[in-house]
1. Read through the list (1) open to solvent by less than 20 Å² (accessible area, probe 1.4 Å); (2) near RNA strand B (Cβ under 9 Å from one of its atoms); (3) under 15 Å from A:GLY622 (Cα atoms), then give the number of the only condition that A:THR601 fails.
2. Checking the conditions here, which among A:VAL554, A:VAL504, A:VAL563, A:VAL538 is closer than 30 Å to A:ARG242 by Cβ, more than 25 Å from the chain's Cα centre (by Cα) and surrounded by 23 or more Cβ atoms within 10 Å (Cβ to Cβ)?
3. Out of all the residues in the range A:270-316, which are over 20 Å from A:ASP379 (Cα atoms), open to solvent by 50 Å² or more (accessible area, probe 1.4 Å) and either of a type in the set (Asp, Glu) or without any contact (Cβ under 8 Å) to a residue 40 or more places away in the chain (or both)?
4. If you scan the range A:415-455, which residues turn out to be part of a strand (DSSP E or B), open to solvent by less than 30 Å² (accessible area, probe 1.4 Å) and farther than 16 Å from A:VAL506 by Cβ?
5. Going residue by residue through the range A:93-100, is there one that turns out to be modelled with pLDDT of 85 or more, within 9 Å of RNA strand B (Cβ to nearest atom) and within 15 Å of A:LEU190 (Cβ to Cβ)?
6. Give the residues of the range A:1-56 that are of a type outside the set (A, V, I, L, M), in a loop (DSSP other than H, G, I, E, B), touching a residue at least 40 places away in the same chain (Cβ under 8 Å) and open to solvent by 20 Å² or more (accessible area, probe 1.4 Å), sorted by residue number.
Amino acid sequence: MINITLPDGQVKSGLVGVTPAEVARGISNSLARRALAARVAGRVVDLSAPLNEDASLAILTFEDKDGRQVFRHSSAHLLAAAVQRLFPGTLFAIGPAIEDGFYYDFGAKRPFTPEDLAAIKEEMQRLAKADLPFERGEITRDEALERFAGQTYKEELIRGLAEDATISTYRLGDFVDLCAGPHVPSSGYLRAFELTSVAGAYWRGDERNPMLQRVYGTAYPDQKQLEEHLRRIEEARKRDHRRLGQELDLFSIQDEAPGFPFFHPKGMVLRNELEQFWREEHRRAGYQEIRTPLIMNRSLWERSGHWDHYRENMYFTRIDEIDYAVKPMNCPGAILVYRNRLHSYRELPLRLCEMGLVHRHELSGVLHGLMRVRAFTQDDAHIFMLPSRIRDEVTGVIEMVDRFYSVFGFKYRVELSTRPENSMGSDADWEAATTALAGALEGRGTPYQVNEGDGAFYGPKIDFHLEDCLGRTWQCGTIQLDFQMPEKFDLTYVGEDGQKHRPVMVHRVIFGSIERFIAILTEHFAGAFPAWLAPVQVRVFPITDRQAGYAEKVRSALAEAGVRADADLRNEKVNYKVREAQKAHIPYMLVTGDREVAAGTVAVRHRTRGDLGAVDLTEFIGTIREEIASRKTDAV
RNA sequence: GCCGACGUAGCUCAACGGUAGAGCAGCUGAUUUGUAAUCAGCAGGUUGCCGGUUCGAAUCCGGCCGUCGGCUCCA
C-alpha cells in the first residue's frame, strides 16, 4: 500500500501501481470525467502513469494551467497526425502548447493553403471521433535515431538530448512522435478546436535555418468555450487601434513613410492631453524639462557606446562632409546638458525630463500600426544623483509610475531584468545596481519577477507591464540604472569635500512611447476615451434649423469654458445625428429643441448612460469641467 | 530582412482574359424632424508602381513598393 496526498491535504491509500485515473474515479465521477493529466510529486504525468510510492497527487483539468497545456499539446499531436495522413513525407519539427492554443512546425513540400487547413481540420475531426488512444513508449537513444531516421528535425532533437535521458514516444493512430508528454488519454478528449492560421517560422527561430510551415490552432474542451475564445479574438479585432485610428481619424500611416506615423487633428488632441498630464506630474515631482537635438555628431555615439552596441538600428546622415546620427535614444543629449556646466552635490538629484523623438530602424516585417514604428516619442527622464540616493530615487519613480497607470485604470506587473551577454561594465557595478533596484521594489512591497539576462547593455532595469481590459499585457514603463554613461562621459559633481565625484544615472520612461501608449489606450477603451482625453467632448445639435442659432451659442459657451465642443447643424434627423455621435464615441450629446431654447437648458445624452434629461447650461458646463479636470474614467 | 496572403472610388467590398460596379462617406435638392441611418439626384477610379504575355490585362507572368499574419514559446 502507498499513501497519496491530495491537494486539500487529504491522504488516500492505494495499491502500488494505482493510476491517477483510478484515484480520480475514487474521488468523484465528475472529476474523473474532466481529468486530463496529473501532477505527481510536482511532475506532470499521464493519467495512466502508475504510482509506485508515496506521493502528492493533483488531478489536472482544463482549469489548471498545466492541464490546459497538456490538452493543447495533445491537440498539436492530433494536428500532426492529420498532416501525416494527408501529406505523407512531411517532416515534423516541434508542436508545443502556447498561450491560447498550440502550433506545430512542419517541413512541408509546399506551403499550406487555407484549403489545406480546412482539409486538415476535417481529418483531425475524424481522428478525434475515432477516439484513438495516446500510447506512451520508451526507447533507447539508438532506437530513437533508427525510428526517426530521415526525420531530420527529430534526429537533431534526439542528438540534443542528454546521454542518459529517458526517450519517450507517443503514438496516436499511425502517427508516432518523439515526445516527453504527457498527453490526454485519447483523441476523443479533443472535441473543440480550430486551426487559426498558417505562417512561415524558422527552425529554432533562427533565420539562418530553413523556414518551416507553422500551423496555429486553438482547442477547448467544448464548443462553447471555443466560440467564446473566437468571440474574444473578434472583439480584439474590432478594437484594433489601426482600424479605430482610421475610423476615428486619429492618425494614418502612408506608403510614403512606412513606420513613421502621421498624427491627425484628433490624434493630436490625445497626444497633447497626455503630454499636459505628464508635464503637470513631472513639475510636481521636481523634474525640469529639456529638449535635445534629433541629429548629433557621430563621435558622440561612439563615445556613448551606441556605435558599437546599437548601430544596426540607427539612421545616419552627413552634413558638410561630417558624419551624424539621428538619435535612437535621448540619454547622450541629456548627458551633454548635464556636462554643460559644473554641478554641486547640493543640486542633486537633478531630474531632467524630455519628450524625446527617437528614430530606430526596425525590420520592415515587424512594423505594426503605432505599436511598432520607426520613429516615436519617449517620455524620457534622466536623473543624476549621489550613489547613496539610488534607492530613494527609484522608489520615487516607481510611485510615479503607479500614479500614472491608476489614472487610466490599468493594472500592471513588474519585472526586474539582469545583466545580458553583450554588455559593458564590471560585475561589481552590475551587482550593486541590480541590488539597488531590487531593494527599491522590496522596500515598497511591490511584487516582481526576475528576467535573467534581459537588461540593457549599460545596466539592469525594472519593466512595467500593464494589463488592458482584454487581459493583454504591454511593456510600457522602464527604469534603467546606469553606471556606464557617467563613466564614459566623465560626469562629475562637486561634493561636500570640494572634490569631484561620479554621479549615478537613471533612465526612465512611464508611457514608454506616446505613440504606443495611444495605441494601447485606443484598444483598451475601444475608442471611447474618457472625457478628458476625448478629441471631441461635447456635440451640440438642434432638432430643426430654428434652434441652430441657440445650438451655436451653446457650442461657443462650451468652447469659451475650455470644453472641446462642436455643433452638428446639418439638416438631418436627431436619430441620425445621435447615431453618428455615438459611433464617434463622443461622451456628451446636447440636444437643443424649442423647449431647451425657451428654458435656456440643454437636453443631455451621455454615450453610455443615455438620455439624462434637460439641464441648465451653466450647470452642465460646471459638471463636465469637473469631470475633465479630475481626469475621471467612465464607470464601466 | 525571411515565408505566406493581400493591394480595385475617402472607407468596406464586387467584377477574376472582352476596356470597372455596389453600399457607406461626399456634393446638390426636397424634407424641418425629440435621442443609433428621411428621400431623390450628381459626382467620384492611369484597378499600388514598372515591365512582359495577349487582338485584348484589374484579371496571367516577372520585378519593385506597401499592407496584413507569422518568424520568443523546444521532444
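1. So the condition that A:THR601 fails would be (1).
2. Within the list A:VAL554, A:VAL504, A:VAL563, A:VAL538, the selection yields A:VAL538.
3. If the condition is that a residue be over 20 Å from A:ASP379 (Cα atoms), open to solvent by 50 Å² or more (accessible area, probe 1.4 Å) and either of a type in the set (Asp, Glu) or without any contact (Cβ under 8 Å) to a residue 40 or more places away in the chain (or both), then A:ASN297, A:ARG298, A:SER299, A:GLU302, A:ASP308, A:ARG311, A:GLU312, A:PHE316 are the ones that fit.
4. A:GLU415
5. Yes; the residues of the range A:93-100 include at least one that is modelled with pLDDT of 85 or more, within 9 Å of RNA strand B (Cβ to nearest atom) and within 15 Å of A:LEU190 (Cβ to Cβ).
6. Across the range A:1-56, the qualifying residues are A:PRO7, A:SER48, A:ASN52, A:GLU53, A:ASP54.
Residue-wise test of (1) among the small types (Gly, Ala, Ser); (2) closer than 19 Å to A:TRP203 by Cα; (3) open to solvent by less than 40 Å² (accessible area, probe 1.4 Å).
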residue: A:PHE92; (1), (2), (3): no, yes, yes
residue: A:TYR103; (1), (2), (3): no, yes, yes
residue: A:PRO111; (1), (2), (3): no, yes, no
residue: A:GLU146; (1), (2), (3): no, no, no
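Condition check ((1) modelled with pLDDT of 95 or more; (2) open to solvent by less than 70 Å² (accessible area, probe 1.4 Å); (3) near RNA strand B (Cβ under 7 Å from one of its atoms); (4) not in a helix (DSSP H, G or I)) across all residues:
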| position | (1), (2), (3), (4) |
| --- | --- |
| A:ARG605 | yes, no, yes, yes |
| A:GLU619 | yes, no, no, no |
| A:ARG625 | yes, no, no, no |
| A:THR633 | no, yes, no, yes |
| A:VAL636 | no, no, no, yes |
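The values are calculated or read from the model by the stated rules, or taken from the named source; none is laboratory data. Since the model is a prediction, treat every value here as computed from it, not as a measurement. Here Cβ is always computed from backbone atoms with ideal geometry, including for glycine, and neighbour counts include all displayed protein chains. The area values use the complete protein model at the heavy-atom level, side chains included, leaving out ligands, DNA and RNA. Shrake-Rupley method; radii C 1.70, N 1.55, O 1.52, S 1.80 Å.
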